[in-house]
Amino acid sequence: MNGGEIIGRALQAHGVQFLFTLCGGHISPILKGAKDLGIRVVDTRHEATAVFAADATARLTGIPGVAAVTAGPGVTNTITAVKNAQLAQSPVIVLGGAAATLLQGRGALQDIDQLALFKPHVKWSKAVKRVRDLAPAISKGFELARSGIPGPVFIECPVDLLYDEAVIREWYDSATPKGNALADRIMRMYLQHHARRLFADPGSFDSGDVATIATPSPAQGVIQQAASRLASADRPLLVVGSQALVDAAQADAVADAIEALGIPVYLSGMARGLMGPAHPLHRRHQRRKALKEADVVILAGVPSDFRLDYGRHVRRSACLVSANRSAIDLKRNRKPDIGVLADAGLFLRGLTAAVEAGTSRRWSDWHIALQTRDAEREAQIDATAQREADYVNPVSLCRRIDAGLSDDSVIVADGGDFVGTASYIVRPRKPLSWLDPGVFGTLGCGAGFAIGASLCRPGEEIWMLFGDGSVGYSLAEFDTFARHSIPVIAVVGNDAGWTQIAREQVKILEDDVGTVLERSDYHDVAAALGGEGILLQHADQVDAGLQAARDNARQGKPVLVNAWLDKTDFREGSLSM
């Protein structure tokens with residue numbers, strides 16, 4: 001059994017169904033070993049896409065996603081996606097190829113200090129030195145990726161650990177000096193010793209142990225404290241973020257807990273869709289104003305970062321309750337009155353059990369006030385959607401996308417201005433059906449997220465919402481979609497610019513330098529790479545174009561809808577830092 005087969009067995013033991021990659025000579029045995037065990041190997045056109053795809057499968061299933069990339073530039077190409085996973089607290093395993101152990105530091109092809117590169121961006125990094133250590137490294141990587149605050153790990157797998165022992169000994173033999181000089185004899189002894197060490201103890205080549213991961217549970221005392229403050233609240237508010245759904249299997253239980261609590265709730269990140277498209281507790285608009293008015297605010301898996309104006313959205317006289325797995329995020333920028341260092345989902349479930357039945361009845365006026373405010377904002381959006389435009393009204397387009405979404409759909413968000421507009425309007429239909437990059441705000445995640453979502457949710461509609469800036473990162477992956485029969489629907493909001501940046505830049509600096517694009521034929525690129533392309537230039541083409549996109553996707557074809565957008569002031573002043 002070679003190292004590639006050992007890694008394949010270890011991945012299989014940990015429940016991995018998909019291995020994302022871009023091929024390279026340093027990792028070929030890993031791909032072969034995984035494929036032979038029934039793990040689907042999905043090769044992409046960029047290594048970052050492979051890691052984004054692994055990230056998506058981790059978020060949707062709770063099982064760490066795995067990407068294998070070749071040494072040197074293959075590894076360095078993943079850094080942005082790895083950092084995104086770290087900040088999104090997503091458990092991802094990156095298997096990196098590397099130069100042969102014997103040649104590291106001697107100028108071998110694509111040989112760099114990869115561990116130093118990854119150390120700041122992962123929970124754990126490991127350079128494996130012997131074949132027998134491959135499976136234990138995989139097992140430890142899976143355990144650390146999932147435990148505590150989830151995140152990525154990097155495991156370096158040198159090429160001479162992956163091929164059959166006979167092949168490696170042949171390589172070493174070809175490099176062995178043949179003379180009888182002392183230096184030649186010493187070199188032969190060293191190479192033989194090194195080979196013996198690489199392949200020592202073959203009886204330990206197992207698939208590794210699968211650890212049981214304990215979920216950080218809240219103390220009963222702190223739950224009771226929060227329940228007492230909630231019982232006396234007049235205007236409580238709940239904000240739920242991605243971390244509350246780290247354990248994907250408890251999504252429905254978390255939704256049930258929120259419903260039982262009866263608190264108005266705002267959902268962000270992976271929590272979007274948790275309550276369905278139109279739950280009466282779910283508030284969608286004017287969150288800042290609601291936070292300023294609330295007397296008890298519960299942050300479930302949400303830090304007080306720039307998205308909450310560094311904690312300033314919550315007034316100082318309010319009781320701030322925060323549940324977070326991270327001690328740093330728990331107190332980031334603002335120390336909570338009640339801090340719960342534990343899984344936010346478990347905290348909400350425990351809080352439900354501690355709150356007396358009927359408590360929510362006293363909040364009816366608060367509910368009505370927030371519902372009225374939401375209805376007013378929805379009316380404003382409807383009015384904006386009715387405005388006539390030379391091209392396609394972006395607000396109207398988002399309304400039409402939302403109206404046609406199936407109950408089984410996943411939305412991937414990758415972009416700035418158009419995607420920001422969509423976030424107000426397009427409503428995920430169920431839990432774990434919205435994928436965005438998270439706090440890092442990374443562009444280029446769309447194709448990878450869509451690949452992962454399509455594989456995890458076969459038969460569901462996968463919608464990718466792009467700006468015309470962000471789609472540039474993902475266009476080549478239409479080749480991947482076509483080759484692997486991944487029938488995604490991409491909608492590109494094409495307004496010929498990096499509009500989210502241009503809004504503030506032009507206003508403040510009176511210059512659009514670097515923000516101007518062309519209304520390019522992105523649909524033709526998708527068609528050339530094996531997909532279908534649809535051009536929407538005017539409002540009367542929208543409904544038919546979106547329907548044609550759905551029809552093509554149902555037939556197994558990836559589709560790109562290139563929608564020429566009119567300029568709009570819908571998100572004026574929305575840039576956050």
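So in the range 420-468, with the set limited to residues that are more than 11 Å from the chain's Cα centre (by Cα) and of a type in the set (Phe, Trp, Tyr), which one is surrounded by the fewest Cβ atoms within 10 Å (Cβ to Cβ)?
Tyr424
Please state which one of Thr49, Thr101, Thr61, Thr80 is touching a Pro at 6+ places or on another chain (Cβ under 9 Å) and either surrounded by fewer than 20 Cβ atoms within 10 Å (Cβ to Cβ) or within 20 Å of Pro152 (Cα to Cα) (or both).
On the way: Thr49 fails: touching a Pro at 6+ places or on another chain (Cβ under 9 Å); Thr61 fails: touching a Pro at 6+ places or on another chain (Cβ under 9 Å); Thr80 fails: touching a Pro at 6+ places or on another chain (Cβ under 9 Å).
Residue meeting the stated conditions: Thr101.
Looking at the range 24-46, which of its residues are surrounded by fewer than 24 Cβ atoms within 10 Å (Cβ to Cβ), within 19 Å of Phe154 (Cβ to Cβ) and among the hydrophobic types (A, V, I, L, M, F, W, C)?
Leu31
Looking only at helices (runs of 4 or more DSSP H) that fall completely inside the range 7-116, which ones have 2 or more residues that are within 22 Å of Ile486 (Cβ to Cβ)?
In the range 7-116, the matching helices (runs of 4 or more DSSP H) lie at 28-36, 47-61, 79-88.
Tell me yes or no: at least one residue of the range 258-269 is buried (at least 16 other Cβ atoms within 10 Å of the Cβ), in contact with an Asp or Glu (Cβ under 8 Å, 6 or more places away or on another chain) and closer than 21 Å to Val321 by Cα.
Within the range 258-269, one or more residues are buried (at least 16 other Cβ atoms within 10 Å of the Cβ), in contact with an Asp or Glu (Cβ under 8 Å, 6 or more places away or on another chain) and closer than 21 Å to Val321 by Cα.
What number of residues within the range 287-312 are over 26 Å from Pro150 (Cβ atoms), modelled with pLDDT under 95 and not charged (D, E, K, R)?
Summing the residues that are over 26 Å from Pro150 (Cβ atoms), modelled with pLDDT under 95 and not charged (D, E, K, R) in the range 287-312 gives 0.
How many residues are hydroxyl-bearing (Ser, Thr, Tyr) and either more than 23 Å from Leu11 (Cβ to Cβ) or at pLDDT 75 or above (or both) if we restrict to the range 168-207? Talk me through it step by step, then tell me what you get.
Step one: of the range 168-207, the residues hydroxyl-bearing (Ser, Thr, Tyr) are 172, 174, 176, 190, 204, 207.
If we keep only those that are either more than 23 Å from Leu11 (Cβ to Cβ) or at pLDDT 75 or above (or both) as well, we get 172, 174, 176, 190.
Qualifying residue count, the range 168-207: 4.
In the range 338-366, how many are outside any helix (DSSP H, G or I) and either exposed (fewer than 15 other Cβ atoms within 10 Å of the Cβ) or not assigned by TED's automatic domain parsing to the domain that holds Asp295 (or both)?
From the range 338-366, those outside any helix (DSSP H, G or I) are 338-343, 355-358; that's our starting set.
Okay, now just the ones that are also either exposed (fewer than 15 other Cβ atoms within 10 Å of the Cβ) or not assigned by TED's automatic domain parsing to the domain that holds Asp295 (or both), so 356-358.
Total meeting the criteria: 3.
Which residue is farthest from Gly531 (Cα to Cα), if the candidates are limited to the range 480-506 and must be within 22 Å of the chain's Cα centre (by Cα) and not hydrophobic (A, V, I, L, M, F, W, C)?
The extreme case among them is Gln500.
Might you let me know whether the range 125-145 holds any residue that is surrounded by 14 or more Cβ atoms within 10 Å (Cβ to Cβ) and without any contact (Cβ under 8 Å) to a residue 12 or more places away in the chain? Can you show your working first?
Taking the range 125-145 and keeping what is surrounded by 14 or more Cβ atoms within 10 Å (Cβ to Cβ), we get 125-145.
Then drop every residue that is not without any contact (Cβ under 8 Å) to a residue 12 or more places away in the chain, which leaves 133.
Yes; the residues of the range 125-145 include at least one that is surrounded by 14 or more Cβ atoms within 10 Å (Cβ to Cβ) and without any contact (Cβ under 8 Å) to a residue 12 or more places away in the chain.
The values are calculated or read from the model by the stated rules, or taken from the named source; none is laboratory data. What you see is a predicted model; the values in this text were computed from it and never measured. Don't worry about glycine lacking a Cβ; one is built from the backbone with ideal geometry, like all the others, and counts go over all protein chains shown.
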